[in-house]
Amino acid sequence: MARKFQKGVPLAFLNNDIMNNNDIFKKLRVALQLRDDQIVEILELVDFRMSKGEIGNFFRKEDHENFMECGDQVLRNFLNGLVIYLRGTLENPKNAMDVIKQNQEVVRKNTADKPKVAFKPNTEFNPTRAKGERSGAKPATSSNKPRDKKPMKKIEIVEKVQYKNGKNKKG
């Protein structure tokens, strides 16, 4: 059965799957580049208190043990708070695009501040080095490990058995 895909249409709509509140919440979070602390701030604008941990549970995979279903009340309060966050109030109106651009600048600044660690593969080959030993690593006999243990006596699992097949061999 050949499947036809439409360009620009999310796969969830092609499969006739219904988006739940968690999916909507996730998509808004990604599209607006919101962090958990910003979501807490948005919810507090409409006097709805929720911790960052509880909000993080909405964004987990459905099979995760801490996953929580996002209820209608949570999504409704988030959307009402988002309107106030982006547009402002009647007394103090804001331009939504300015708020979004500020969020984007904060995200860019945070990603630029993080030190970029370059991956340097170890390409040198040293046949004398033991397997699993890192180059430049401390030797295995570290002073941090107690050396009181004595080597254990080797236990023979299979005992020496003499098989007699019915004939005595003498000489």
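Suppose the chain between residue 38 and residue 87 were pulled fully straight at 0.36 nm per residue; how much longer would it get relative to their current alpha carbon spacing?
Details: separation 49, 0.36 × 49 = 17.64 nm, distance 1.53 nm.
That works out to 16.1 nm of additional length.
Filter 52/109; 61/94; 26/52; 94/114 down to the pairs with a C-alpha to C-alpha distance above 26 Å, please. Walk me through the intermediate numbers first.
Details: 52/109 22 Å; 61/94 35 Å; 26/52 14 Å; 94/114 31 Å.
Over 26 Å Cα-Cα: 61/94; 94/114.
Roughly how many nanometres apart are two label points built 7 Å out from the Cα toward the Cβ at residue 23 and residue 54?
2.5
If a paramagnetic tag sat 7 Å from the Cα of residue 107 along the Cα-Cβ line, which residues of segment 28-50 would have the backbone N under 11 Å from that point?
28-35
The numbers here are math on the coordinates, done by the rules we state, and not lab data. Please read these numbers as outputs of a predicted model, since none were measured by experiment. FYI the Cβ positions are ideal-geometry reconstructions off the backbone, even for glycines, and counts take in every protein chain you see.
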